[in-house]
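Any read-out appearing in this document is the output of simple, stated calculations on the displayed coordinates, not a laboratory observation. Source: prediction; values computed, not measured. Glycine also receives a Cβ, built like all others from the backbone with ideal geometry; neighbour counts cover every protein chain displayed.
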Amino acid sequence: MFAFGDYNTSDLLWLGDWSPTWIAFLTVIGLAVLAFSAYDLRDLKLHRRLTLIGLRGLVFGLAVLLLLEPALDLRQISKVENHVIVLVDESQTMGLKTDDGESTRFDRVRQALEEFGPLEEVGADDHHFDYFTYGADLESTSRSAIDGLEPTARAADLTGAIEEVIERYEGKDIAAVVILSDGLDTGAIGRRTARGEDLDLGSRQLLESLDAPIHTLAAAGEEGLRDAAVSRVLHDDFAFVHNKVSVDVELQAIGMGTKSIPVTLRRDGQVLQTRSVQVHPEESTYDLSFEFVPEQIGKEVYTVDIPHYDGEALYENNQHHFVLRVIRDRIRVLQVVGRPSWDQRFLRRLLKRNPNVELISFFILRTDRNPQVVPQDEMSLIPFPTDELFRDELGSFDLVVFQNFNFGPYHMGRYLGNIADYVRDGGAFAMIGGDLSFASGGYARTPIESLLPVNLPSSSAASAVMDSEHFNPELTEAGDRHPLTQLSFDPERNREIWADLPALQGTNIVHGATDDATVLATHPEITHGGEPMPVVTVAERGEGRVLAVTSDSTWRWGFEHIGEGGTAREYQHFWSSAIRWLIQDPELKLVRLDMHRDIIAPDTPIDATVRVFSPDYSPAADVEGVLSIEHTPLEALTDSSAGSAEAYDTMSFTTDHGGEWDLDRRFNSPGVYQFEAQVSSPAGPLSDDNLVLVTPDFAQYRDIVPRNDLLERIAHATDGYHAVLPDFRPRRLQFNEPRFVEVHRREVVQLWDNIFLFLFILGLLGAEWTLRRRWGRL
Amino acid sequence: MDRRTFIKSLTAGLGLAALPGSVWAFDKQHRITIARLQYPGGNDDPRPGALRRLLQEVDKRTSIEVDTNIPSISISRTELFDYPMVWLAGDRGFDPFTDDMIADLRTYLLAGGFLFIDSAEGLSEGPFLESVHREFDRIFPDRDRRTLSRDHTVHQSFYLIDRPVGRVDVAGNFEAYFEDNRAMVLINGNDMLGALARDTFGNWEYDVSPGGERQRELAFRLAINVVMYALTVDYKADQVHIPFILRRRNWRVD
């Protein structure tokens, strides 16, 4: 037996397995029977006819009801609590003071959370309150734990927190989400939605997917806030030297009244430009941009800063530092050619096809020996601009190539010293052979001779300066591994490749290499002082590099090699590598100091490696070197009186078997740390430098003006409630009713399986039969 | 010539004469020459000696040093690649090239070789040019033959040329096949070598029409420009030359 009092809900069930078609069919049958009865009983008085039809209809209805097998589903149930998700912003800006000057934004949140106690009690049967904090990540917590928390997170990824909630509560019942924040979302919604703008479709769809209202409680208003900030600096990580660079700056000013704020751009602490921005109370965000031209390759620390004003909420956001890597744009090559030749033609073709090369060519098309039989204005010749090339513009070239060029006829003797200085200051120079080159070009005892990696014969007799025989240059040991001549990593295979190349035709005679030069390929027969004569030779000269190729027929390595069934790859590789090596492509430096991150936080391990190579580019193991470190305080980047670069530390190192040494250091003091790695080599000291900027992460302080408009729009998009603390009415927080129940007890009572119902139907049939007989019908 | 100059010249002459043969050879190997292509059927040397005349003129007027020995080579890979510039001339139709010749010529041109085709027919569309077009439809079935514009670099590689002329003036501008921006084949219908040819006594071999001796001089200039173009390609298209060239073209009276 059961008692209805044990159950608090019920449902009517139909247990009969009848399809709707059958039910419809039975209904039609019933209606047909009643219609037939009405016709059959048409001669009876109306009340008798209706009585009999009513009895028959009732019997038929009850019979159909029996077939459908009605039952009562009785259940004892209780509701399952759904979730009220409370998200508390614990980012750094929540620690800023509010307009009362005493409590912080986070204090306001703590006060508001006190109101959640009664709320939890009132809705204890229906809702469960889940508390989370969010910064860069979502963390589960409790209301009491939040009381003792300090906001220190360096991000406030509200969007990420919402996405995480959606994932964690998938398939669960959410009553509502309550967000307590200053609205400074560093996540996607905050970035996509500018101040005063509506949420975009993607953000709205994300919020609506919660299927619950989002209530937003803003921690503070803008009232009383006074701050000027360099809120955003947009710049590329790389810039090209001698090319204009744009840096876009967003300035934020609130509570600053009407005034002009100077914004200064500095490079390595030196003022580059200053712009004034007129701020006024009606607007809080101002955009401006700087344009400048980096003058040298390397890393530079730039700073955008504004003055400190009294009463600002904080000063950490008044400056923004960034590191710009200034790299070479296109390699500017000056090709000077004494006369048109196939060697010149194929090298020019190669250089012109290289998108990274900007080629400036000057060919001597006519000399004094050629009579001028045609008026000058019917010719396309231009003067050879020696002054412009070798005095004014020389420094703008990355590489100067003298290809079978003799300087004498063009009165260039006075510029040769400039070229030598240019190379020693970091430039590059290549001399390619021919009858106008090396000694036969008159370069002996000129500044160019001291630059060349080969010694020139003092005699100018043709037999002493040139040889005409065909030959295949032979690689030296250094040539096996040097990037210029390394066509294969396997030295044996490399030599085979070189041996298979077409022979060169003729060479200039040189008297060996200079002491500090590296010979990569030699003549197979001609010797000097018992040593094979160099054909391809390289050397370092001061900060620069030089190359000497004593033949003017390397073009045959490309063109003629194709005729022999080969490719031009070897020719292209040789010259492309030569250019990269000459211009000191960072990938080809013998000492490399690689800093894998430009900016790090204090007390973070620095990720740096020193790599040392032998002149032939094999790893230089067990090489001793010195790493010196200079430190410039961060303050000195905006105030020269705050200090300057000072020696910080000096460390000795020895490279391992792979020619590497890893630097394992941490720096606590913010500032710029400049490193220089030095090793000694037969060619003199080699060095490389790099820097790292150590600075606390102030990203969260870039924009501190509360974004209550964003919070309001989030609430509005989900029919939630928005309030600015401390004005908060807890009763306005509406929660969804729980959608799920828990069944504790259940019983199904069949209504059709009952003798009384059966007897009742029989009684009705009997009454119909009796009345019909009495009223004269069979 | 005074006595001092005479002694200097004599000394220099003796010095040069005393140089070993290998030095002359070295001197020779960097000199520029043009190979003449032999082909089956037709007449591949309709203007004997004219190419040598052209190179002599190049040597006289420009800084280019030339070797006036004109090799005559077959269209084969083994010979083509010794000469980055080759010349194909004719005055009548010729037989189709073999498949190997077609393949070798295509490889040669795409690798950086340069071919100048000169019709001695004096017709804008004669049998020789028809044969040339037929063969080049096989060599470059994937490339169009294009007519050079007046401002193409070949018209300003040394002299400023307004109109390409030769012994005759019937064909208008050169036609060309290109690889990127480089014209690797130039086709001329105005008999350029006809204007340059001299007989063994040094007299001009053919009259030049309709422009007479002025036209012959212009043909020389054009021929020199072609050699200069083969060596320097688009050098005169470099930005540094453009203001000078524009200024001079504006000065000129056509």
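Between the residues A:THR285, A:VAL301, A:VAL230, the greatest Cα displacement towards the positive end of the dipole of the stretch A:228-328, with unit charges on the Cβ of Lys, Arg, Asp and Glu, is found for A:VAL301. A Förster radius of 41 Å, combined with the Cβ-Cβ distance separating A:GLN111 from A:ALA194, puts the computed FRET efficiency at roughly 0.85. Please report the antiparallel percentage of DSSP beta bridges with both residues in chain A, rounded to the nearest 5. Counting only bridges with both partners in chain A, antiparallel ones make up about 70 percent.
Taking a sphere under 12 Å around the Cβ of A:ILE214 and counting the other residues whose Cβ falls inside, with K and R at +1 and D and E at -1, yields a net charge of -2.
A simple packing score, the average count of other Cβ atoms within 10 Å per residue, orders the peptides A:753-759, A:504-510, A:658-664 as A:504-510, A:658-664, A:753-759, with the highest score first.
Relative to a virtual label point 7 Å from the Cα of A:ARG424 in the Cα→beta-carbon direction, which members of the stretch A:501-518 show backbone nitrogen distances below 20 Å? Output list for this probe position: A:514-518. For the stretch B:19-251, the residue among B:MET85, B:LEU105, B:GLY41 whose Cα projects farthest onto the positive side of the dipole built from Cβ charges is B:MET85. Dipole magnitude for the protein assembly as shown: about 3900 debye, using +1 per Lys or Arg Cβ and -1 per Asp or Glu Cβ, origin at the Cα centre.
Legend: mean number of C-beta atoms from other chains within 10 angstrom of residue C-beta atoms, peptide A:372-379, equals 6.
A full extension of the chain between B:ARG134 and B:ASN203 corresponds to an added length of 21.3 nm, given 0.36 nm per residue minus the alpha carbon distance. Taking 0.36 nm per residue of sequence separation and removing the Cα-Cα distance, the A:ARG353/A:ASP697 pair yields an extension gain of 119.3 nm.
Counting DSSP beta bridges in the stretch A:46-185, what percent are antiparallel, to the nearest 5? Here the antiparallel bridges make up roughly 25 percent for the stretch A:46-185.
For the protein assembly as shown, the calculated P(r) over all alpha carbon pairs, in 20 Å bins from 0 to the bin holding the longest distance, is 10, 25, 21, 18, 13, 8, 4, 1, 0 percent.
Summing Cβ point charges (Lys, Arg +1; Asp, Glu -1) relative to the Cα centre of the stretch A:1-75 gives a dipole of roughly 580 debye. Taking Lys and Arg as +1 and Asp and Glu as -1, the other residues whose beta-carbon sits under 10 Å from that of A:PHE292 total 0. Counting only residues at least eight positions apart within a chain, or on another chain, the lysines with an alpha carbon under 19 Å from that of A:LYS589 are A:LYS299. The distance separating the Cα centre of the stretch A:704-751 from that of the stretch B:56-115 comes to 88 Å. Fewest-first ordering of A:SER396, A:SER181, A:SER361, A:SER260 by other beta carbons within 10 Å of each residue's beta carbon gives A:SER260, A:SER396, A:SER361, A:SER181.
Tilt of helix A:413-424 relative to the longest C-alpha principal axis of chain A, in degrees (0 to 90, nearest 10)? Helix A:413-424 sits roughly 40 degrees off the main axis of chain A. Basic side chains Lys and Arg get +1 at the Cβ, acidic Asp and Glu get -1 at the Cβ, and with that the dipole of the stretch A:228-328 about its Cα centre reaches some 380 debye.
Between helix A:569-582 and chain A, what is the angle of the helix's C-alpha long axis to the longest principal axis, kept within 0 to 90° and rounded to the nearest 10? For helix A:569-582, the angle is close to 80 degrees. Distance between the modelled labels on A:LEU234 and A:THR152, one decimal in nanometres: 3.5 nm (7 Å Cα→Cβ projection).
Take each peptide in A:595-604, A:97-106, B:151-160, count the other Cβ atoms within 10 Å of every residue, and average; sorted highest first, the result is B:151-160, A:97-106, A:595-604.
The residues A:SER440, A:SER231, when put in order of fewest to most other Cβ atoms within 10 Å, stand as A:SER231, A:SER440.
Residues of the stretch A:580-603 falling in the label zone of A:SER669, defined by backbone nitrogen less than 15 Å from a point 7 Å along Cα to beta-carbon, are A:602-603. Calculated FRET efficiency, A:ILE599 to A:SER488, Cβ-Cβ distance, R0 = 45 Å: about 0.65 to the nearest 0.05.
Enter the angle in degrees (range 0 to 90, nearest 10) between the Cα long axis of helix A:158-168 and the first principal axis of the Cα atoms of chain A, meaning the one along which they spread out most. Once rounded, the angle reads 50 degrees. Note on A:PHE25 and A:VAL626: the model spin-label points, each 7 Å out from Cα along the C-beta direction, lie 10.7 nm apart. Of the peptides A:17-27, A:638-648, the ranking by mean beta-carbon count within 10 Å, highest at the top, reads A:638-648, A:17-27. With a 10 Å cut-off around each Cβ of B:216-227, the average count of Cβ atoms from other chains is 1. Going 7 Å from the Cα of A:LEU13 along its beta-carbon direction, which residues of the stretch A:713-754 have the amide nitrogen within less than 14 Å of the resulting point? In the stretch A:713-754, the label zone of A:LEU13 (backbone N under 14 Å from the point 7 Å along Cα→Cβ) covers A:745-753. A simple spin-label model places pseudo-atoms 7 Å from Cα toward Cβ; at A:PHE292 and A:THR770 they are separated by 11.5 nm. All other residues whose Cβ lies under 15 angstrom from that of A:HIS716 are scored, Lys and Arg at +1 and Asp and Glu at -1, for a net of -3.
Residue by residue along B:109-117, Cβ atoms of other protein chains within 10 Å of the local Cβ number 3 on average. Measuring against 24 Å, Cα to Cα, the residue pairs A:LYS352/B:LYS60; B:LYS60/B:LYS236; A:LYS244/B:LYS236; A:LYS79/A:LYS172 contain A:LYS352/B:LYS60; A:LYS244/B:LYS236 as the ones spanning a longer distance.
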